[in-house]
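The values are calculated or read from the model by the stated rules, or taken from the named source; none is laboratory data. Treat the numbers as computed from the prediction; the structure is a model and nothing was measured. When we count neighbours, we look across all protein chains shown, and the Cβ atoms used for this are built from the backbone with ideal geometry, even at glycine. Calculation scope for accessible area: heavy atoms of the full protein, side chains included, ligands and nucleic acids excluded. Shrake-Rupley method; radii C 1.70, N 1.55, O 1.52, S 1.80 Å.
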Amino acid sequence: MNYKEAVEKQLSEDADEQKRRKLLWEDIVAAYDRGGEDEVKSALTAHAEKITKDFKEMLNQLMKKI
């Protein structure tokens, strides 16, 4: 991979991360508007559970390949 491709890849990843962060903050704001701090805790817990589930699935796939 040449330098130009490496920079383009990094910019693409940064844009994806920025989009995910924006969506997370939008969820947090909407949750707060719906029910305050308790609703924010619930929303963050749901996000954390999804991340944990995705991680476990990837880990299982990796274990099957090893």
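Please pick out the residue among 62, 24 that is out of contact with any helix residue (DSSP H, G or I) (no Cβ under 8 Å at 6 or more places or on another chain) and either at negative phi or at pLDDT below 95 (or both). Before you say what the answer is, go through the steps one by one.
Values: 24 fails: out of contact with any helix residue (DSSP H, G or I) (no Cβ under 8 Å at 6 or more places or on another chain).
The unique qualifying residue is 62.
Going residue by residue through segment 6-16, is there one that turns out to be over 19 Å from the mean Cα position of the chain (by Cα), exposed (fewer than 10 other Cβ atoms within 10 Å of the Cβ) and either part of a helix (DSSP H, G or I) or in contact (Cβ under 8 Å) with a residue 12 or more places away in the chain (or both)?
no
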Do you know which of the residues in segment 17-58 that are open to solvent by 70 Å² or more (accessible area, probe 1.4 Å) and among the hydrophobic types (A, V, I, L, M, F, W, C) is farthest from the chain's Cα centre (by Cα)?
-> 29
